[in-house]
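Read-outs: derived from the displayed coordinates by stated rules, not from any lab. The model shown is predicted, which means the values in this text are computed figures rather than measured ones. Methodologically, a virtual Cβ is constructed for each residue, glycine included, from the backbone with ideal geometry; neighbour enumeration extends over all protein chains shown.
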């Protein structure tokens, strides 16, 4: 396994990039530590696959360095980097049996026949395809073919890392959860450095110990699923993580806090102190629907709001309300009773009200 470091990395598909908008990956520094299970999460076009292909050697970066255990590998081929990569669609040989497909990478590396047999059997059992070993790959279902493709990446014991580029796209939805858990178990069993690219936050959270969220060619936050949910470092992370995402409101400064329309929101003292030192007018507050408090009766710190809509999702409800000129979503317990058009009372707990300046979170210093 290898520690993979990206140092001052940037890449543009343009021969003469004129500015940041011409870069698929804007300059960044990042480290994937040895033996970790990571996810690279973001929407289509944010640079995820480009970064994965730069790590594997399929793409040469325009700027910066790729280091494996401190050694620069920019000019090394994918084979010499010793990377296994599993793509969105199965990469297997239809004319071979499942056994021959799994054994192929090991034969190329001149692994002894006895060890090949042992290792193929081990991976086949883990992926639950041992009964398919002597079946021609062309006769497999799409799900089974992708399992074999994943197995070809997992079968090698000497790889620096295994990179997964949205590998469950062709998998039946009912099997996706099972395969995500299977990959997690494989990581725990074999202690392999794994980087899993996806646009699905559930896939990322199920598989990874830590998630790197990409937006507009940059990693805007790297943390655990809990950290991304409770302390989103960028407004995009707040919006992208969670269902529904974070409520974000453009605000302006006022005495003791911020305001939008005629509504004033008090901030914590350390937030006000930070804000006083910054000149930007790009200021937002954010709060997740789960952390807003909704009640039928007013309290000292509550605001009167109108109920616009309510969606009953069985174990909880999503209530749309209007506060001043802003529409907000609130997640409430299934037993919360209200009607569209009625007035209820909303509170924004200070500990869950995040302050963003120039889209990045203002955090309390230890």
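Seen against the Cα atoms of the chain and their longest principal axis, helix 142-154 is set at about 80 degrees.
Between residue 118 and residue 33, what's the calculated FRET efficiency when r is the beta-carbon distance and R0 is 25 Å? Round to 0.05.
It comes out at approximately 0.30.
Helix 173-190 and the longest principal axis of the C-alpha atoms of the chain enclose an angle of approximately 70°. Estimated from helical segments only, the mean residue ellipticity of the chain at 222 nm is -7500 deg cm²/dmol, where each DSSP H run of four or more residues counts as -39500 (n - 2.57). Put in order of Cβ neighbour count within 10 Å, fewest first, the listed residues 15, 136, 178, 317 become 15, 178, 136, 317. By the equivalent-ellipsoid construction on the alpha carbon gyration tensor, region 253-322 comes out with semi-axes of 29, 14, 12 Å, ordered largest to smallest. Taking all Cα pairs closer than 8 Å and separated by 6 or more residues, the relative contact order of region 4-236 comes to 28 percent. Axis angle, to the nearest 10 degrees, between helix 113-126 and the longest C-alpha principal axis of the chain: 30 degrees. The length gained by stretching the chain between residue 327 and residue 110 to full extension, at 0.36 nm per residue less their Cα-Cα distance, is 71.8 nm. Legend: P(r) of region 145-204 from all alpha carbon pair distances, 5 Å bins from 0, whole percents, reading 4, 16, 32, 29, 14, 4, 0. Here the spin labels are modelled as points 7 Å beyond Cα on the Cα-Cβ line, and at residue 364 and residue 130 they lie 5.3 nm apart. For the chain, the extents of the C-alpha atoms along the principal axes are 75, 48, 37 Å, listed from largest to smallest.
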